[in-house]
Amino acid sequence: MILNESNPSQILQEFNCPPFVIAHSRAVLSRAIKMKMEFELEVDMELVKTGALLHDVGRSQTNGIKHAVVGAELLKERGFSREIVNIVERHIGAGISREEAKVLGIPPKDYMPLTLEEKLVAHADNLIHGTQEVDLEFVIKKWRNNLGENHPSIPKIIKLHSEITKIPVT
């Protein structure tokens, strides 16, 4: 199932997503489209658009780290494709390893984005704070403040940024 991008609010409202989640999802969609064009990424835009709009659908039930797993389950139950489910399940930061999943209390498996579509949505989400576009420096500072200076997620976010933008980050 792929969404008709002209009415994203309707499907998110069916899941009872709060207005701030809908606004955030629209901003992530906009950022993903900009990044696709700016960096000339060869991606399936229907997957990216649908994944970006639905990446936080699990926030209809929880705002914790588990929202990605919850959202993926909601979409599976509704018959969405495996590709969309994977985008939703793997969009947290720059991904979560099996070991990190165990520590975080989510089902132990690898939640690392693998396809370019998954990576693009995850990073577009990283570069949106609420509904505002932010840069990589802001994201790194936020993650360091929230998780600690040497958290393993920070190098993964930097690597993901480089993969998407093709710009090495030092």
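Points to keep in mind about this one:
- Once the chain from L114 to Q132 is taken as fully extended at 0.36 nm per residue, the excess over their C-alpha distance is 3.9 nm.
- Helical mean residue ellipticity (222 nm; -39500 (n - 2.57) per DSSP H run of 4+; nearest 500) of the chain: -17500 deg cm²/dmol
- A convex hull fitted to the Cα coordinates of the chain yields 107 cubic angstrom per residue.
- A simple spin-label model places pseudo-atoms 7 Å from Cα toward Cβ; at K76 and R144 they are separated by 3.8 nm.
- What the Cβ-Cβ distance of F20 and E40 gives, at R0 = 41 Å and to the nearest 0.05, is a FRET efficiency of 0.80.
- Residue-wise HN-Hα coupling along region 133-139, computed from phi with Karplus coefficients 6.51, -1.76, 1.60 (Hz; x: Gly, Pro): 6, 10, 9, 4, 4, 4, 4
- In order along region 159-166, the Karplus-derived 3J(HN,Hα) couplings, from 6.51 cos²θ - 1.76 cosθ + 1.60 at θ = phi - 60°, round to 4, 4, 4, 5, 5, 6, 8, 6 Hz, and Gly and Pro are given as x.
- Accessible area in square angstrom per residue, region 1-144, 1.4 angstrom probe: 47 Å²
- Each residue of region 55-66 was assigned a 3J(HN,Hα) from its phi angle through the Karplus expression (A = 6.51, B = -1.76, C = 1.60, θ = phi - 60°), giving 4, 10, 4, x, 5, 5, 10, 7, 9, x, 4, 6 Hz with x at Gly and Pro.
- Under 19 Å from the Cα of K142 - lysines, other chains or at least 8 residues apart: K156, K159
- Accessible surface of region 39-140, 1.4 Å probe, proportion on carbon and sulfur as whole %: 50 percent
The values are calculated or read from the model by the stated rules, or taken from the named source; none is laboratory data. All of these numbers come straight from a predicted model, not from anything done at the bench. Cβ atoms come from the backbone with ideal geometry, glycine included; neighbour counts cover every protein chain shown. Surface accessibility is based on the protein's heavy atoms, side chains included, excluding ligands, DNA and RNA. Shrake-Rupley method; radii C 1.70, N 1.55, O 1.52, S 1.80 Å.
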